[in-house]
Amino acid sequence: MKAGRAGVPFPAGQPPGHEWLPDEPAFDPDIHLALGDLPATRSLEEFGYTAEEVGPTATPVAVSEPFRVLSAEGAEVLLASSRRLRAFARRAGNRIEQTVRGGCYRSRFLRDLCLSPEVAAVMSAIYGIDVGRTAPGRPRGRPRLPRARVGDRPAREHGRPPGGAADRPG
């Protein structure tokens with residue numbers, strides 16, 4: 001297993017203008033997580049990359065099966081917190097209509113979920129590398145909210161302009 005970079009602890013304080021959501025349930029991994037068996041993964045080499053090409057990458061894993069992280073109660077709390085964070089949503093360019101930056105500085109539940117050693121251990125096992133913490137201020141736990149109108153599409157989705165091969169029928 002590749003070693004991850006040493007991380008720094010998440011700051012105890014908050015940036016100016018950020019306040020904790022009041023009356024938010026505390027994150028409890030025994031209640032809010034439902035981590036099960038590890039999903040099957042496919043390596044980059046299985047997709048035709050050579051060992052030399054894969055060597056410098058962060059992980060040899062290309063994809064995994066979907067897997068559950070949250071229990072039903074955990075999902076309910078995260079959804080409720082995300083809805084409350086919607087008041088802080090901003091446009092993130094043409095591709096993402098609404099996102100909340102700094103969600104972990106406003107939601108203790110989201111922060112503690114993102115910093116959960118239980119989740120990090122599962123992600124490390126899936127990626128085949130040690131997963132460390134990111135530096136403060138880096139994207140972490142950033143909710144992306146639904147578009148204002150159903151059917152609206154961003155100018156670019158997943159790096160492709162609308163009307164590309166993914167949008168053609170058949």
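Between Asn94 and Thr57, the simple spin-label model (points 7 angstrom out along Cα→Cβ) gives 2.9 nm. For the peptides 18-26, 59-67, residues were scored by their other Cβ atoms within 10 Å and the scores averaged per peptide; the highest-first order is 59-67, 18-26. Measuring nothing but alpha carbons in segment 43-109 and taking Rh as the Kirkwood radius, the Rg to Rh ratio lands at 1.17. Cβ-Cβ distance of Arg84 and Arg42, R₀ of 35 Å, FRET efficiency by 1/(1 + (r/R0)^6): the value works out to about 0.40. Normalised Debye scattering of segment 1-115 at q = 0.09, 0.11, 0.12, 0.20 Å⁻¹ gives log10 I(q)/I(0) of -0.38, -0.57, -0.67, -1.14, counting only Cα atoms as equal scatterers and leaving out solvent. Couplings for segment 51-59, taken from phi via the Karplus curve 6.51 cos²θ - 1.76 cosθ + 1.60 with θ = phi - 60°, read 4, 5, 6, 6, x, x, 6, 5, 8 Hz in order; Gly and Pro are left as x. The slack between Arg101 and Glu65, meaning 0.36 nm per residue of separation minus the straight C-alpha distance, is 10.2 nm.
No value in this document is a laboratory result; all are computed from the given coordinates. Every value quoted in this text rests on a predicted model; they were computed, and no experiment measured them. All Cβ positions, glycine included, derive from the backbone under ideal geometry; neighbour counts span all protein chains shown.
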